[in-house]
1. Taking segment 26-63, which residues are β-branched (Val, Ile, Thr), within 17 Å of Thr12 (Cα to Cα) and within 23 Å of the chain's Cα centre (by Cα)?
2. If I ask for residues that are surrounded by fewer than 19 Cβ atoms within 10 Å (Cβ to Cβ) and either out of contact with any helix residue (DSSP H, G or I) (no Cβ under 9 Å at 6 or more places or on another chain) or of a type outside the set (D, E, K, R) (or both), which ones from segment 161-176 would you list?
3. Somewhere in segment 72-92, is a residue open to solvent by less than 40 Å² (accessible area, probe 1.4 Å), modelled with pLDDT of 95 or more and either of a type in the set (S, T, N, Q) or touching a Leu at 6+ places or on another chain (Cβ under 6 Å) (or both)?
4. Out of (1) more than 21 Å from Tyr87 (Cβ to Cβ); (2) open to solvent by less than 90 Å² (accessible area, probe 1.4 Å), the odd one out for Gln126 is which?
5. For Ile26, only one of the following conditions fails: (1) of a type outside the set (Asp, Glu); (2) touching a Lys or Arg at 6+ places or on another chain (Cβ under 7 Å); (3) surrounded by fewer than 18 Cβ atoms within 10 Å (Cβ to Cβ). What is its number?
6. When you scan segment 190-201, do you find a residue that is out of contact with any Phe, Trp or Tyr (no Cβ under 9 Å at 6 or more places or on another chain), open to solvent by less than 20 Å² (accessible area, probe 1.4 Å), outside any helix (DSSP H, G or I) and not aromatic (Phe, Trp, Tyr), even just one?
7. How many residues does segment 144-185 contain that are in contact (Cβ under 8 Å) with a residue 40 or more places away in the chain, among the basic types (Lys, Arg) and either in contact with a Phe, Trp or Tyr (Cβ under 8 Å, 6 or more places away or on another chain) or more than 14 Å from Cys89 (Cβ to Cβ) (or both)?
8. How about segment 41-65: which of its residues are within 18 Å of Ile26 (Cα to Cα) and loosely packed, with under 14 Cβ neighbours inside 10 Å?
Amino acid sequence: MVKISKFSVPTTISNNLSEVLERQIIFGEFAPGTRLTEENLVKKFNVSRSPVREALRVLKQDGLITMVSRQGAKVPAISVHDLDEVYMCRIPLEALAAKQAAMNRTEDDIGQMEDAVQNLCDILPQNDPRGFFEANVLFTKALHHSTHQSKLVRLLSSIDKQALRYRYIAYLRSPILMEKSVDFSIEIVNAIIKKRPRHAQSLTEDVLENSWNNVRNEIGKLAV
């Protein structure tokens, strides 16, 4: 994920607009509770209403906005309840992905994952939560790709987008989680390389359960 400071109208306007809005929601540039009106977005990005409506439809489908009666689109609140719902779905899917990756990965897949892990190791000393987060998302995508299971990847893409805001908040508020993430990434890639599907699955379950608890604590502090 690349930080975009200024939006320019591309050929596929609605797709690119939804990606820009997605990043702004994930990184808190649109704070929880912010209303995203068609009128304001048309003015902000200098586009017509049609691509704005399509972009909002995509964001709603991905769970990144809600549609409120008489208010229109709104960025959902950050809450422990929402986090719990997301992770109850995310953990078994990610664990299944790790298992499938260990069974189906190719040599090219291994190379992609190893490069992604090296990128995480290089960024870690820079104390850059946003850069690390973006690198971690790329690692996750590389792992998902190595499953060679298209339906599973589609399911993961949807639920993972809803988890991204929480993952970023966790790195911001608890930098130690970045170091733990690197350790996990190295261990999970080793399990995948060695074709140990059950170990990859259980490792992912354990790590994400721990991550869930850590993020839950940080979200709880925000509510105090």
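The values are calculated or read from the model by the stated rules, or taken from the named source; none is laboratory data. As the structure is a prediction and not an experimental result, all values here were calculated from the model. We place every Cβ from the backbone using ideal geometry, glycine too, and count neighbours over all the protein chains shown. Accessible surface is based on the protein model in full, side chains and every heavy atom, while ligands, DNA and RNA are left aside. Shrake-Rupley method; radii C 1.70, N 1.55, O 1.52, S 1.80 Å.
1. The initial filter retains those residues of segment 26-63 that are β-branched (Val, Ile, Thr), namely 26, 34, 37, 42, 47, 52, 58.
Now narrow it down to the ones that are within 17 Å of Thr12 (Cα to Cα): 42, 47, 52, 58.
Scanning segment 26-63 gives Val52, Val58.
2. Matches in segment 161-176: Leu172, Ser174, Pro175, Ile176.
3. Scanning segment 72-92, I find at least one residue that is open to solvent by less than 40 Å² (accessible area, probe 1.4 Å), modelled with pLDDT of 95 or more and either of a type in the set (S, T, N, Q) or touching a Leu at 6+ places or on another chain (Cβ under 6 Å) (or both), so the answer is yes.
4. That leaves (2) as the condition not met.
5. Result: Ile26 passes all but (3).
6. Going residue by residue through segment 190-201, those that are out of contact with any Phe, Trp or Tyr (no Cβ under 9 Å at 6 or more places or on another chain) are 190-201.
Remaining after also requiring open to solvent by less than 20 Å² (accessible area, probe 1.4 Å): 191-192, 200.
Filter again for outside any helix (DSSP H, G or I), leaving none.
The answer is no; no qualifying residue exists.
7. The qualifying residues number 3.
8. Selection gives Lys60, Gln61.
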